[in-house]
Every structure is written in C-alpha cells, then in structure tokens.
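The values are calculated or read from the model by the stated rules, or taken from the named source; none is laboratory data. This structure is a prediction, so every number in the text was calculated from the model and none was measured. As a convention, Cβ positions derive from the backbone with ideal geometry for all residues, glycine included, and neighbour counts pool all protein chains shown. The protein model used for the area step is the full one, side chains on, heavy atoms only, and it has no ligands, DNA or RNA in it. Shrake-Rupley method; radii C 1.70, N 1.55, O 1.52, S 1.80 Å.
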Amino acid sequence: LEQAEELQHPLKYVVILHTATEECLKQSDCVFMTRHIQNFHIEGYGWWDIGYSFLIGGDGNVYEGRGWDHMGAFAKGYNHLSIGIALIGTFTNVLPSELQLRTLDVWIEEGVRLGKISPDYKILTHQQLSRTTSPGTAFVQLIKTWPRWSDTPQKE
C-alpha cells in the first residue's frame, strides 16, 4: 500500500473527530481500539494506515495514525490543509473526558511548537467538512465555544 503524500507545514486547521466506537479508559483497551480502527481502515478502505493523524484515548495517551507529516484521509478537500485528531469514543450525548480534552489542548500546542500547526490555526469539526455527525452533537456544542473554532472554513 502506498503512503500518503507529505504535508506542507505549518497547517492552518485542526479537524476534530470522534471514532464512533466505544470509549477506552485503560491503555490496554485504547491500544486494542486503535489497532481495531487501524485494521478497519486498512482492510475496509484499502488505506496504508489509519486515516486520522492522531487519536486520543480516554487514558490520556496520544496514538499516532498518519502523524504530523503525511496527509490524512478524514475530510476530503481539507486533508492537505489540516491535522485530524480523533478522540476515541462516541460523543453524541456525552463529552470526552477532561483528560482527553486536556491532552487535545497539549497535543495541538505541541504541533504549534514543532512548526507543524500554524500559530494562528483554526479548529474545525468533522461535520463541517463531511456528511457525518462526527465528532458528535454534544462535543460539537462544546467546540463551538472555543476561541479557535471557525464557522467558516476556507480551502485556501
């Protein structure tokens, strides 16, 4: 399987998604869930790896999908402009844990520090870019209160 093309940094968007799976709270469960998602993306879609750049488990750990440098497969038309971070779980009626949210903040700031994400980045939700409920109704309502959320994504 062929790897995705390399990204041109710094990226102007962080796209927030959920995995639409069960949540995980222990590292062993989060590793299992990440491998399950990886298998689904490789076997089901024929991709070379998980479509997300990163995943964040309920254990507070970050799991690498395509990472900082390879274009993801999560939001057609925006994959070349963004890092996609999926929180493991389904957040239609509940919010991610405080630990997941803190880890998300720290990981985005690490991307800025590394020069992978633009210092003036904007946050988008998956449902703004694709026909999906991801990252879930409850979580989207929270994200819309964040100062970096953008209701007007632009491709260029």
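For the range 58-71, which residues satisfy the criterion of being without any contact (Cβ under 8 Å) to a residue 24 or more places away in the chain and outside any loop (DSSP other than H, G, I, E, B)? Break it down stepwise before answering.
In the first step, residues of the range 58-71 are kept if they are without any contact (Cβ under 8 Å) to a residue 24 or more places away in the chain; the result is 64, 67.
Within the range 58-71, just 64 meets the criteria.
In the range 76-100, how many are over 9 Å from the mean Cα position of the chain (by Cα) and more than 22 Å from residue 22 (Cα to Cα)?
Initial filter on the range 76-100 (over 9 Å from the mean Cα position of the chain (by Cα)): 76-82, 88-100.
Next, from what is left, pick out any that are more than 22 Å from residue 22 (Cα to Cα): 76-82.
Residues flagged as over 9 Å from the mean Cα position of the chain (by Cα) and more than 22 Å from residue 22 (Cα to Cα) within the range 76-100 amount to 7.
When the range 72-92 is examined, which residues are found to be open to solvent by 40 Å² or more (accessible area, probe 1.4 Å) and in a loop (DSSP other than H, G, I, E, B)? Show your work before the answer.
Initial filter on the range 72-92 (open to solvent by 40 Å² or more (accessible area, probe 1.4 Å)): 76, 80, 90, 92.
Of everything in the range 72-92, those that are open to solvent by 40 Å² or more (accessible area, probe 1.4 Å) and in a loop (DSSP other than H, G, I, E, B) turn out to be 76, 90, 92.
Mind counting the residues in the range 42-57 that are open to solvent by 10 Å² or more (accessible area, probe 1.4 Å) and either part of a loop (DSSP other than H, G, I, E, B) or in contact (Cβ under 8 Å) with a residue 40 or more places away in the chain (or both)? Reasoning before the result, please.
If we filter the range 42-57 for residues that are open to solvent by 10 Å² or more (accessible area, probe 1.4 Å), which is where we start, we get 42-49, 52.
This time we only want the ones that are either part of a loop (DSSP other than H, G, I, E, B) or in contact (Cβ under 8 Å) with a residue 40 or more places away in the chain (or both), so: 42, 46-49, 52.
Qualifying residue count, the range 42-57: 6.
Could you list, in sequence order, the residues of the range 112-137 that are touching a residue at least 40 places away in the same chain (Cβ under 8 Å), exposed (fewer than 15 other Cβ atoms within 10 Å of the Cβ) and not in a strand (DSSP E or B)?
114, 115, 137
Which condition number does residue 100 fail, the rest of (1) outside any strand (DSSP E or B); (2) surrounded by fewer than 17 Cβ atoms within 10 Å (Cβ to Cβ) being met?
Residue 100 satisfies every listed condition except (2).
Can we say residue 84 is touching a residue at least 40 places away in the same chain (Cβ under 8 Å) and more than 23 Å from residue 124 (Cβ to Cβ)? Before the answer, list the steps.
Working: touching a residue at least 40 places away in the same chain (Cβ under 8 Å): yes; more than 23 Å from residue 124 (Cβ to Cβ): no.
Against the criterion (touching a residue at least 40 places away in the same chain (Cβ under 8 Å) and more than 23 Å from residue 124 (Cβ to Cβ)), residue 84 does not qualify.
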